[in-house]
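The values are calculated or read from the model by the stated rules, or taken from the named source; none is laboratory data. Just so it is clear, the structure is predicted and the values come from calculations on it, not from any experiment. Neighbour counts are summed over all protein chains in view; Cβ atoms, including those assigned to glycine, are modelled from backbone coordinates with ideal geometry.
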Ligand SMILES: [Zn+2]
């Protein structure tokens with residue numbers, strides 16, 4: 001995606017480096033020499049600080065500390081505050097994990113078309129399913145991805161028989177053995193709100209990577225498993241945040257639209273979108289459900305997908321807890337997307353309900 005300034009580009013490189021460090025499975029790799037991209041980013045940041053007469057971080061660990069100690073407004077970078085809120089952090093101070101915003105900044109820095117990039121793995125499965133006419137199995141598999149961030153070995157075997165049929169082999173690609181970093185005192189704990197992995201936070205608290213759980217006050221230990229239990233986590237954090245995480249909002253919105261009288265197809269195998277909404281006598285609408293921390297970066301990502309790939313016929317619906325928490329969310333996203341086709345869940349449902357009534 002295009003960025004406005006060298007400072008913004010540098011922030012993107014830092015966010016990307018912090019995500020890379022977070023994903024190091026082998027903790028011995030968290031020593032010198034660091035991954036080349038991380039070391040290069042530290043060098044760039046140090047040089048930038050010297051030019052701005054600011055004190056640079058002295059090491060990679062120093063750069064990590066900036067991530068959870070320094071709100072973006074205090075970095076020696078000139079950034080647009082409406083895109084990069086001055087109070088926001090790249091790393092969560094309690095758990096040390098990258099924030100949702102950090103992942104958004106990194107994704108936008110690394111690719112020209114964020115939505116295309118994050119959906120590659122699922123697109124591959126969709127093409128396989130479409131070739132073999134496996135629409136029901138594909139939908140069942142998408143339901144599994146939306147419902148279970150974590151599978152135990154036992155549940156893994158249960159969902160294999162939940163209608164995914166010939167897509168069975170993809171389960172093993174999407175669910176990988178959970179990393180040791182999620183082991184807290186010999187146990188792995190799932191979030192009571194979303195079923196995803198919890199990280200221990202300071203003060204005996206817990207941290208869930210899904211911001212919806214914190215917004216709804218649902219971050220508490222739910223299921224727990226011993227160290228010996230085989231536990232599989234879905235994808236990497238990027239996949240969970242951008243692809244499978246919004247799946248629950250897709251299910252929720254689909255149910256509301258069906259109640260409104262529309263015919264709803266979930267997760268079409270061909271073409272973009274999470275839902276295809278059909279009303280009598282009208283062209284079908286394709287809906288993408290999105291859940292981004294930053295409305296500005298979301299808007300830019302939408303603009304990139306429209307200009308680069310010509311999918312301007314999509315309707316974009318934002319997960320409701322985002323728009324409930326920030327009355328200006330939709331306006332900001334629309335301004336950056338340069339598109340009027342961005343809706344709240346209720347706004348989109350009301351529009352469809354009115355159209356059903358008009359037709360009756
Ligand atoms: Zn959660």
Q) Given (1) in contact (Cβ under 8 Å) with a residue 40 or more places away in the chain; (2) surrounded by fewer than 18 Cβ atoms within 10 Å (Cβ to Cβ), where does residue 335 come up short, assuming only one miss? A) (1)
Q) Out of all the residues in region 198-208, is one or more under 15 Å from the mean Cα position of the chain (by Cα) and within 13 Å of the ligand (Cβ to nearest atom)? A) yes
Q | Qualifying residue in region 159-181 (condition: within 16 Å of the ligand (Cβ to nearest atom), out of contact with any helix residue (DSSP H, G or I) (no Cβ under 7 Å at 6 or more places or on another chain), within 25 Å of residue 238 (Cβ to Cβ) and touching a residue at least 12 places away in the same chain (Cβ under 8 Å)) | A | yes
Q: For region 196-224, name all the residues that are touching a helix residue (DSSP H, G or I) at 6+ places or on another chain (Cβ under 9 Å) and assigned to a strand (DSSP E or B).
A: 197, 198, 199, 207, 208
Q | Single match in 273, 265 (criterion: in a strand (DSSP E or B) and not assigned by TED's automatic domain parsing to the domain that holds residue 209) | A | 265
(Q) So if I check each of 156, 128, which one is modelled with pLDDT under 95, outside any loop (DSSP other than H, G, I, E, B) and on the phi < 0 side of the Ramachandran plot? (A) 156
Q: Starting from region 193-211, take each residue that is assigned by TED's automatic domain parsing to the domain that holds residue 222 and more than 18 Å from residue 22 (Cα to Cα) and list its partners that are near the ligand (Cβ under 9 Å from one of its atoms) and part of a strand (DSSP E or B), counting only C-beta distances under 8 angstrom and pairs at least six apart or across chains.
A: 193/208; 193/222; 194/208; 195/222
(Q) Quick check on my filter: what residues within region 307-327 are assigned to a helix (DSSP H, G or I) and modelled with pLDDT of 80 or more? (A) 320, 321, 322, 323, 324, 325
**Q.** residue 126 vs. criteria surrounded by 14 or more Cβ atoms within 10 Å (Cβ to Cβ), more than 18 Å from residue 248 (Cα to Cα), within 16 Å of the ligand (Cβ to nearest atom) and not assigned by TED's automatic domain parsing to the domain that holds residue 290
**A.** no
Q: Give the residues of region 272-292 that are touching a helix residue (DSSP H, G or I) at 6+ places or on another chain (Cβ under 9 Å) and either crowded, with 20+ Cβ neighbours inside 10 Å or within 26 Å of residue 128 (Cβ to Cβ) (or both), sorted by residue number.
A: 272, 274, 275, 277, 285, 287, 288, 289, 290, 291, 292
Q. Is it the case that residue 222 is free of Cβ contacts under 8 Å to residues at least 60 places away in the same chain, over 26 Å from residue 171 (Cα atoms), more than 19 Å from the chain's Cα centre (by Cα) and within 16 Å of the ligand (Cβ to nearest atom)?
A. no
Q. From 62, 93, 67, which residue is outside the structural domain of residue 328 (by TED's automatic domain parsing), closer than 17 Å to residue 22 by Cβ and not in a helix (DSSP H, G or I)?
A. 93
Q. Do you know which of the residues in region 182-194 that are more than 7 Å from the ligand (Cβ to nearest atom) and in a loop (DSSP other than H, G, I, E, B) is modelled with the lowest pLDDT?
A. 185
(Q) Among (1) assigned to a helix (DSSP H, G or I); (2) surrounded by 14 or more Cβ atoms within 10 Å (Cβ to Cβ), there is one condition residue 358 misses while meeting the rest; what is its number? (A) (2)
Q: Restrict the check to region 299-306 and report whether at least one residue is buried (at least 21 other Cβ atoms within 10 Å of the Cβ), under 30 Å from residue 132 (Cβ atoms), modelled with pLDDT under 95 and out of contact with any strand residue (DSSP E or B) (no Cβ under 7 Å at 6 or more places or on another chain).
A: yes
**Q.** Selected residue (criterion: farthest from the chain's Cα centre (by Cα)) from residues of region 289-306 that are part of a loop (DSSP other than H, G, I, E, B) and under 15 Å from residue 249 (Cβ atoms)
**A.** 293
Q: Taking only region 225-262 into account, find how many residues are outside any helix (DSSP H, G or I) and either over 24 Å from the mean Cα position of the chain (by Cα) or closer than 16 Å to residue 315 by Cα (or both).
A: 10
